[in-house]
């Protein structure tokens with residue numbers, strides 16, 4: 001046997017982290033309020049809940065005021081704990097900008113990025129997916145979001161009758177996305193998406209808790225992970241809420 | 001006459017800045033390369049070109065590594081010069097996150113934000129537009145982008161025959177966007193968009209220079225401003241390029 005090890009890819013790292021802690025819960029580290037308190041709050045909630053998590057998602061709540069450089073402490077805790085880090089920037093820019101973004105994210109220790117497949121493959125996400133994979137990172141596609149207005153975009157019916165979210169699910173499979181985001185409030189769309197993307201593509205489901213979705217329903221409909229933010233970050237007892245959601 | 005002054009809104013501030021310097025050029029402060037050099041380069045190019053600009057656009061190239069806090073120097077120069085600042089985050093998230101983003105941007109001195117109307121109005125951009133306007137800021141909608149993959153999203157034909165970019169132009173008008181982004185490489189789409197959005201909604205046109213578009217063509221097709229990045233930021237003589245493009 002060779003002593004050379006191939007580092008596991010993003011998907012495997014996420015599944016390993018999930019198995020290790022018996023958790024299907026991905027914490028969205030979203031905070032409002034004074035900027036100087038957000039980092040402290042993020043570290044407090046992360047440290048209180050880390051044993052219950054499969055991964056951590058960071059959005060503009062932290063990244064916009066502080067940047068990657070400013071949230072190094074949060075990144076370090078995730079690295080030490082083996083918690084994959086997802087950047088929820090919903091990238092939808094031209095190729096050169098998207099490449100700039102994913103290079104920065106991976107340089108600073110992020111494991112994956114969420115992208116909107118609406119932006120297209122040619123001079124959009126094609127080379128971005130290659131770049132992320134060449135750096136052993138992951139890319140997750142938005143397929144159906146958890147707000148009411150998702151109807152006004154993801155549900156649009158194209159000429160020929162297909163709904164746009166189904167086109168996005170096909171893009172995830174064909175372009176080689178590691179996972180997709182499908183609202184926990186739409187059990188039928190989770191099941192539909194699974195049929196299109198197959199078993200190798202992970203389904204992550206947001207919209208649980210503050211947004212009205214039910215974690216257990218999302219998982220029973222076929223999601224691999226639930227994404228939860230405010231129900232935990234705004235709770236008086238984040239650890240308790242996280243523990244209750246970890247294997248729902 | 002009352003001595004009370006109503007502060008001009010974003011659209012008026014942009015037109016005033018344009019008139020003052022006789023410029024229809026908006027500089028996209030996009031830099032690659034070592035993170036520690038990007039801020040210095042941004043300040044160098046901004047100071048070299050500021051007399052030729054109507055406004056400045058900032059994207060993740062600067063914001064992701066440093067955050068709003070880290071780019072205070074760039075923001076200060078723009079404030080001192082009366083150059084409106086546009087955050088090109090192409091926001092396409094749920095309402096609570098979008099509100100968090102625009103609050104941060106305006107707190108730190110940005111004047112406007114670019115959004116993708118794909119995300120919808122209900123629990124998407126509806127309250128975000130109100131919030132931005134209540135703070136005297138502006139919001140710009142993506143209508144047609146400058147990369148080839150724009151065909152795979154913005155050009156999708158919906159049931160009934162309408163192209164998505166035309167739906168987005170209608171949304172800009174109906175939802176009260178202050179301006180729209182339409183690629184300088186698509187003169188016909190600039191003209192089409194003008195017909196839909198009317199005269200009060202500004203048209204900003206990217207894709208000039210490094211991306212192959214022609215500034216003069218964009219303006220002659222009806223755009224109010226051209227957005228130029230790499231042709232200036234990667235030039236040996238940014239001032240000369242900017243001077244040449246300012247009133248193309």
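Before moving on, here are some points about what is shown:
- Boolean, residue B:131 is in contact with a helix residue (DSSP H, G or I) (Cβ under 7 Å, 6 or more places away or on another chain), over 27 Å from residue A:163 (Cβ atoms) and assigned to a helix (DSSP H, G or I): yes
- Residue within segment B:191-207 that is out of contact with any strand residue (DSSP E or B) (no Cβ under 9 Å at 6 or more places or on another chain) and within 14 Å of chain A (Cβ to nearest Cβ) present: no
- Test: residue in segment A:1-20 that is away from chain B (no Cβ under 14 Å), closer than 22 Å to residue A:225 by Cα and not in a helix (DSSP H, G or I): yes
- Screening residue A:184 on (1) touching a strand residue (DSSP E or B) at 6+ places or on another chain (Cβ under 6 Å); (2) modelled with pLDDT of 95 or more; (3) closer than 26 Å to residue A:20 by Cα shows it passes everything except condition (2).
- Residue match in segment B:164-174 (condition: surrounded by 20 or more Cβ atoms within 10 Å (Cβ to Cβ) and in a loop (DSSP other than H, G, I, E, B)): no
- Segment B:93-108: number of residues that are more than 7 Å from chain A (Cβ to nearest Cβ), more than 14 Å from residue B:125 (Cβ to Cβ) and assigned to a helix (DSSP H, G or I): 4
- Residues in segment A:178-209 that are surrounded by 16 or more Cβ atoms within 10 Å (Cβ to Cβ) and touching a residue at least 60 places away in the same chain (Cβ under 8 Å): A:178, A:179, A:181, A:202, A:204, A:206, A:207.
Let's see how each residue does on (1) out of contact with any helix residue (DSSP H, G or I) (no Cβ under 6 Å at 6 or more places or on another chain); (2) modelled with pLDDT of 95 or more; (3) within 14 Å of chain B (Cβ to nearest Cβ); (4) on the phi < 0 side of the Ramachandran plot:
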| position | (1), (2), (3), (4) |
| --- | --- |
| A:155 | yes, yes, yes, yes |
| A:168 | no, yes, yes, yes |
| A:171 | no, yes, yes, yes |
| A:180 | no, yes, no, yes |
| A:189 | yes, yes, no, yes |
| A:209 | no, no, yes, no |
| A:212 | yes, no, yes, no |
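- Evaluation of residue A:69 against the conditions (1) more than 9 Å from chain B (Cβ to nearest Cβ); (2) on the phi < 0 side of the Ramachandran plot; (3) surrounded by fewer than 23 Cβ atoms within 10 Å (Cβ to Cβ) shows that the sole unmet condition is (1).
- When residues in segment B:214-229 are screened for being in contact with a helix residue (DSSP H, G or I) (Cβ under 6 Å, 6 or more places away or on another chain), within 15 Å of residue B:23 (Cβ to Cβ) and not in a helix (DSSP H, G or I), 3 of them pass.
- Residues that are within 17 Å of the chain's Cα centre (by Cα) and either surrounded by fewer than 18 Cβ atoms within 10 Å (Cβ to Cβ) or within 13 Å of chain B (Cβ to nearest Cβ) (or both), drawn from segment A:76-92: A:79, A:82, A:87, A:88, A:89, A:90, A:91, A:92
- Counted residues, segment A:31-64 - those being without any contact (Cβ under 8 Å) to a residue 24 or more places away in the chain, within 14 Å of chain B (Cβ to nearest Cβ), more than 20 Å from residue A:105 (Cα to Cα) and assigned to a helix (DSSP H, G or I): 2
- The residues of segment B:109-153 that are within 7 Å of another protein chain (Cβ to nearest Cβ) and either touching a residue at least 40 places away in the same chain (Cβ under 8 Å) or in contact with a strand residue (DSSP E or B) (Cβ under 8 Å, 6 or more places away or on another chain) (or both), listed by number, are B:116, B:118, B:119, B:121, B:145, B:146, B:147, B:150.
- You will find that of A:47, A:59, A:98, the residue that is surrounded by fewer than 21 Cβ atoms within 10 Å (Cβ to Cβ) and modelled with pLDDT of 95 or more is A:47 and no other.
- Enumeration of residues in segment B:230-240 that are assigned to a helix (DSSP H, G or I), free of Cβ contacts under 8 Å to residues at least 40 places away in the same chain and touching a helix residue (DSSP H, G or I) at 6+ places or on another chain (Cβ under 8 Å): B:231
The values are calculated or read from the model by the stated rules, or taken from the named source; none is laboratory data. Just so it is clear, the structure is predicted and the values come from calculations on it, not from any experiment. Methodologically, a virtual Cβ is constructed for each residue, glycine included, from the backbone with ideal geometry; neighbour enumeration extends over all protein chains shown.
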